[in-house]
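Please treat every number below as a calculation from the coordinates, not as lab data. Everything numeric here is computed off the predicted structure, so don't read it as measured data. Neighbour counts are summed over all protein chains in view; Cβ atoms, including those assigned to glycine, are modelled from backbone coordinates with ideal geometry.
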């Protein structure tokens, strides 16, 4: 188990990581998610020992490792550029970590072969890194990191250097490897779909702070604030106010859970565009407006609807029927029906963060 | 939340140790530069305010040596002559080096040939500087190879005496010796110019000459400035070539300094001269650095 | 407007293309002539130097009298010269070793560490590249005099190492800058100590820069005069010996030494090109 307490990193005046407390259970696949500059990489590099925290502590299995250099931490890292040593063969790259800690050459080579076997590259041990494809290099980097049986495997944007097709394949591969070796994985990414697809738990960061940590489905369905809602998946936002009869927005009232937000105060609300219904004409208990524009996406169509002075989005699944006659046309009057359970509230309306 | 509470003593010590070990790498070079570069410049300063009482240098604190340098027309003349020769050398080297580098980068298609021709210019750097200066002395002398060749070819009757022991011979020799320092930075600068810029310029209907003046030359400027500064500084401080091929009117400032430390045994004056030269060169280098950076901004 | 302009533009570009190909031969001849002239300027003097080392006449003048190896035979029995050559070899070897031992950590420090006074340190180390050797020479001379140290080959070695430090630092630093820092981090991450990382990961990747700058600094030290001039005691190095002979008079014997040095330099150049040729894929 990894425990970060009050971990802070300041670069002069700039705060990179701001008092982060985090517990990662053994064997979990945890992702640090956030836009570039949110401090996620710095946090990972502090766990790896490449950055010295300004304040706070890092402990692994109850042992304080805050002041240990990288070579004395039970942690290994897969670097963004893989950092395979260009002058060593694949086999020697993987065996390197064993060799420097004094393991006999033949034993190290055997271990390296086992690790390479695990990533399906046992036959490329003699190859030089430059002879490998991007995906193969990625796997060698993985093998090199797991061969030492670390307590934690750190992955710094491991898939960002791969092209889109390969990326999904490697996502599967990484999940499989995680199950196989049973190590704790901590991955950094800015790609929310990657985070949702791979992790047991996602830690969303912003401006050096942890905004929310939750399982992927919980994060998607119950984002802690507008920032998370906007960053993870798509959210259509609008402003409104809770009244006794329901949620009032754009001069219309829809049904909503009574405790969604404090009554009598303007607040920000939102919903996931794929979780609502779009009906023709005016329908009671929905937000009525006019179709503005349609964006065709192959598997879905995003419909933008002008409601009052706002603009809301609805995703329609493209089935055969919808593709032929079900799609609304621009300027047509439509109503968005939001199931009350799908409504999300995000504090006072003044928060324009997302 | 830890509000900047002081770290425990043990952890501070651990951190200090990590930092110390890192600085162990630094200590030999740092020590070396302080003892053998920084301190010598200081001792030079010390000597420059001492007094010379032939054949000794006597501790003192006075600026008489500097006053001499700046008031005695003898030193002003040497300085101006050195300035002139160094400028001429840099100019000649530039006129030869630029077309050569341009040819390599834009006209030679095969990378093998380009490397070979580049090495052809840089390789003489590996051949003794002294010998390269010496061979010009054997060529240009009154009974030297050029004169005897011209006579045996029937082109002249009497050996030309204007070839050696004058400023032209010095410019020629120094240009020959330092030209690689001009080619290298210009080549590097030209090589960095993306070919797409030339194509774009041609696309916009610019001719060869106007492409050269509007695109190539401005982008090559940092290299030209670097090469010019380098060649200038090196020839400015040379005293070997003047002694070999320069005549009585060929004395350059470094030669004067060498004399003060040698036959004249006036170390204080020599130190003051050397420091004046050092300051002049430092000003030149920092000015050219600034110019270069302005130039480089254009390709950023 | 843009469309019109594009159509108009195509014509002159095409016309220019045709003109260029018509002038191709002339331009090529002009360029070829100019480049040949520059190369002749660079290499004729060296050819002359070598050629006259085989001249049987005592005078260095045209025409060449005949072929002889006498001058080389004379060299072989010139004890002063041979001693000077050994001295130079000794000086060049020691000062090259010193520049590498000091220069490589200096480059590492400049690239990987931040410390107070780094700017000044960088300036000081790199200064001798553009600074005339005479200043390095006399400033160290004043230091040794104040310290009361006797001038000897040791002071020459220290002087050379100082003057040539910049050669090693610039080349190794340039290579380090192209070396991703993640290699060293990965090595530390995999459990290697600082020294292990340096010898197993950093050094193999900057190998060519280290060898190249070492070879260059060896050659430069072997040929050095301005610093040696001020720092040597009674022992002469080869260039100092040649210079003192040269000031007495020109003899084909000097040409013979020169030819041998040219040969040695050529070998070193070829060696450095061969050694430094990048292995495929290895970025270093």
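Apply 1/(1 + (r/R0)^6) to the Cβ-Cβ distance of residue A:279 and residue B:282, taking R0 = 60 Å, and write down the FRET efficiency to the nearest 0.05. The formula returns an efficiency of 0.15 here.
Computed over chain A with a Gaussian network model linking Cα atoms closer than 10 Å, the most mobile of A:95, A:333, A:214 is A:333. Distance from the alpha carbon centroid of segment A:262-333 to that of segment C:213-257 works out to 88 angstrom. Indicate the gyration tensor shape class of segment C:70-282 (rounded, prolate or oblate), computed on the Cα atoms with a ≥ b ≥ c the square roots of the eigenvalues: a/c under 1.5 is rounded; otherwise a/b larger than b/c is prolate and the rest oblate. Judged from the Cα gyration tensor, segment C:70-282 comes out oblate (a/c at least 1.5, b/c at or above a/b).
Place a point 7 Å from the Cα of residue A:127 along the Cα-to-Cβ direction; which residues of segment A:88-116 have their backbone N under 12 Å from it? Under cut-off, by backbone N: A:90-91. The Cα atoms of segment B:49-173 give a gyration tensor whose axes a ≥ b ≥ c have a/c of 1.5 or more with a/b no greater than b/c, which makes the shape oblate. If one takes the longest principal axis of the Cα atoms in chain A, at what angle in degrees, from 0 to 90 and to the nearest 10, does the Cα axis of helix A:134-146 lie? Helix A:134-146 sits roughly 60 degrees off the main axis of chain A.
For chain A, modelled as a GNM whose springs connect Cα atoms under 10 angstrom apart, the maximal fluctuation among A:125, A:284, A:197 occurs at A:284.
Rg/Rh for segment A:235-346 stands at 0.98; both radii use Cα atoms, and Rh follows the Kirkwood definition.
Temperature 37 °C, viscosity 0.692 mPa s: under these conditions the Stokes-Einstein estimate for chain B, based on its Kirkwood radius over C-alpha pairs, is 140 µm² per second. Along its principal axes, segment A:2-226 has C-alpha extents of 51, 39, 30 angstrom, given from the largest down. The ranking of B:54, A:231, C:144, A:11 by Cβ neighbour count inside 10 Å, starting from the fewest, reads B:54, A:11, C:144, A:231. Rounded to whole Å, give me the distance from the Cα center of segment B:105-148 to that of segment C:30-99. Taking the Cα centre of each part, segment B:105-148 and segment C:30-99 sit 13 Å apart. When the distances between all Cα atoms of the protein assembly as shown are binned every 10 Å from zero, what whole-number percent does each bin get? Reading the bins upward from 0: 2, 9, 14, 16, 15, 15, 12, 8, 5, 3, 1, 0, 0.
Listed by Cβ neighbour count within 10 Å, with the fewest neighbours leading, B:184, A:103, B:20 appear as B:20, A:103, B:184.
The mean sequence separation of alpha-carbon pairs under 8 Å and at least six residues apart, normalised by the residue count of segment A:235-346, gives a relative contact order of 32 percent. Modelled spin labels at residue A:234 and residue B:143, positioned 7 Å past Cα toward Cβ, are 9.6 nm from each other. Once the Cα atoms are used to define both axes, helix A:90-99 deviates from the longest principal axis of chain A by about 70 degrees. Counting beta carbons within 10 Å around each of B:277, B:182, B:119 and listing the fewest first gives the order B:119, B:277, B:182.
Note on residue C:68 and residue A:117: the model spin-label points, each 7 Å out from Cα along the C-beta direction, lie 7.9 nm apart. The packing ranking, built from the mean of other Cβ atoms within 10 Å per residue, places the peptides A:50-56, C:115-121 in the order A:50-56, C:115-121, highest first. Take each residue of peptide C:139-151, count the partner chain Cβ atoms within 10 Å of its Cβ, and average: the result is 6. Taking Cα atoms only, the orientation of helix A:164-181 departs from the longest principal axis of chain A by about 60 degrees. For the pair residue C:40 and residue A:259, label points projected 7 Å from Cα toward Cβ lie 9.9 nm apart. Could you calculate the FRET efficiency of residue A:72 with residue B:19 from 1/(1 + (r/R0)^6), where r is the beta carbon distance between them and R0 is 25 Å, rounded to 0.05? For R0 = 25 Å, the calculated efficiency reads 0.95.
Could you tell me which of rounded, prolate or oblate describes segment A:177-263, using a ≥ b ≥ c as the square roots of the eigenvalues of the alpha-carbon gyration tensor, with rounded for a/c under 1.5 and, failing that, prolate when a/b is larger than b/c and oblate otherwise? Prolate, since a/c reaches 1.5 and a/b exceeds b/c.
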